[in-house]
Structure formats: structure tokens, C-alpha cells
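Beneath this line is the structure, given in C-alpha cells, with notes to follow.
The values are calculated or read from the model by the stated rules, or taken from the named source; none is laboratory data. Remember, predicted model here, so these are calculated numbers, not experimental data. A quick note on method: Cβ atoms are made from the backbone with ideal geometry, for glycine too, and the neighbour counts reach across all protein chains shown.
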Amino acid sequence: MRKVEILNTLAKKGESFTFTEGLKVSGLSVQSFKVLLFRMERDGWIEKVKRGKYIIIPLGAEKGRYTLNEFVIGSLLVNPYCIAYWSALNFYGLTEQFPNTVFMQTTSRKKKQATEIFGVRYKIVRVKEEKFFGIRKEWIENTRINITDKEKTIIDCLDKPQYCGGVVEVAKALKYGGELDKKKFLEYVQKIENSGVIRRLGYLCDLFAIDIGIPEIKTRNYLLLDPTMPHKGTKNAKWRLIINLDEKIMGYLE
């Protein structure tokens, strides 16, 4: 089978393919197919995303300049996966910030947690199976990708504020993000089983007069509202939090 026919057959299946898929379509030996891949990449017909995974470059696109949407490329890097944290906040318009890293969540024991592809950085965050939920499908450039829903995105960001630009970004999402499912919030916050998430969400809901019914935590220990900020601030006795955000920021949010 000629390389044009091989590429056309693969393109009908999608914008990307694996080594195994290409080998099966080609009918070639492993060594012959490796040579074919080298030539197709050299000639600008395909680009390697990672070992064993390639994207097909459309006719007329310039080699080295064409790439799929970063979320689509992210979907090829690890399995299972979902777009999460700051990237999901941005997708839903819950932050005005444009993160220069694509944040992804997985349960896979992937050794390489940070990588750069076509000038875009990817951060893969591993979580426990019980934290991998609240995922929906969205269409991006004719490809269905996995992404956390709005409520799970906010919960995840309160769980790991370092991957969303800090708690202030979550506060903005809660205040200016429009209609959110309160029932989902309560279900998710209980399911994730992290007292820090419960306290941070409870405090922010009080701040913005959002009634979700977050259960109070019975503990003597204090946690930081935002672990990414300096470890000092006033104490909130109800939620056992050290409010370590700048007073001007808090005033702006109120």
C-alpha cells in the first residue's frame, strides 16, 4: 500500500494514530513501517506527539507550525485522563487568566508528569481513583475530549490550589461564574473527602452568601485558606482557616 493510501486510511479514522494502528493499516513489517514513518515525518506529513503516537498534518499546512488544539493533544498523552484545574476553569470562562500550561488529571502511574509538545507545556496530575469523577465530554476540533464539569473543576481547584493560580481564582469563579449546581457541589465535596476542600468552600460560600449546606468541620486545627500564599493572616473560627489572602483582594471580592 502506497504511503498516500495509508495516510488517507488513517485520516478517515481520526486526526491522530498510534504506531500499532498504522502498522496494521500498512500491512508492512515493523522495520519497513518505521522507515515509512521517518519519511512521512521528514516530509511534513505527520508529527510525533510522543513515543508511538502521531498527528496527521493537513495538506498545505506548514511543517513545524501546524498542531491540533492543545486539549486534543493532551488527550493522547495518558489514559485515563481529563482536562482539569486551571485549564478547565479557562474553558468554562470561569477565569480571565490564560494559563500557559495545560493541566490534566489521571489515575495512571505515569512517570513523566510534565512535558512540552509544540511549545505547549502539559502538567499531568495523578489522583486517587476515588477523586477521579465529575467528568463530561466536549467536542474540540471534531474530537471528543474529557473535561471535569464546572462543579468538579472548582472542587479540584480547592483541593490543589497550586494548579489553578490560587484560591482567589476559585473565589472569582464562584462569585462571577453564573449558575452552578448546588446539589452537585454538596455531593462532590462529600465524595472527595478532604476537610480542606470543605472548609475553603464553606468559607467562600459564606463570603458570597451562597447557601449550599456545607457541613461544618469539627476540629481544633487551622488550615491555610490558600496554601500558595504567605503563611500568615487572620483566623476564621467557624471554618478553622487562616485567611491569608491580601485584604485588598478580599475587599474586591466582597
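Looking at segment 204-211, is at least one residue in contact with a Gly (Cβ under 6 Å, 6 or more places away or on another chain) and touching a residue at least 24 places away in the same chain (Cβ under 8 Å)?
No, that holds for no residue.
Scan LEU68, LEU37, LEU59 and give me the residue that is modelled with pLDDT of 85 or more and more than 23 Å from LYS152 (Cβ to Cβ).
LEU37
Would you mind finding the one in THR115, THR106, THR143, THR95 that is among the β-branched types (Val, Ile, Thr) and more than 22 Å from GLU15 (Cβ to Cβ)?
Working: THR115 fails: more than 22 Å from GLU15 (Cβ to Cβ); THR106 fails: more than 22 Å from GLU15 (Cβ to Cβ); THR143 fails: more than 22 Å from GLU15 (Cβ to Cβ).
The unique qualifying residue is THR95.
Considering only residues that are in contact with a helix residue (DSSP H, G or I) (Cβ under 7 Å, 6 or more places away or on another chain), over 19 Å from LEU174 (Cα atoms) and of a type outside the set (S, T, N, Q), which ones fall in segment 136-152?
ILE140, GLU141, ILE145 - these are the residues of segment 136-152 that are in contact with a helix residue (DSSP H, G or I) (Cβ under 7 Å, 6 or more places away or on another chain), over 19 Å from LEU174 (Cα atoms) and of a type outside the set (S, T, N, Q).
May I ask you to verify whether ASP149 is free of Cβ contacts under 8 Å to residues at least 40 places away in the same chain and exposed (fewer than 15 other Cβ atoms within 10 Å of the Cβ)?
no
Does THR9 qualify as being β-branched (Val, Ile, Thr) and in contact with a strand residue (DSSP E or B) (Cβ under 6 Å, 6 or more places away or on another chain)?
Judged against the criteria, THR9 is not a match.
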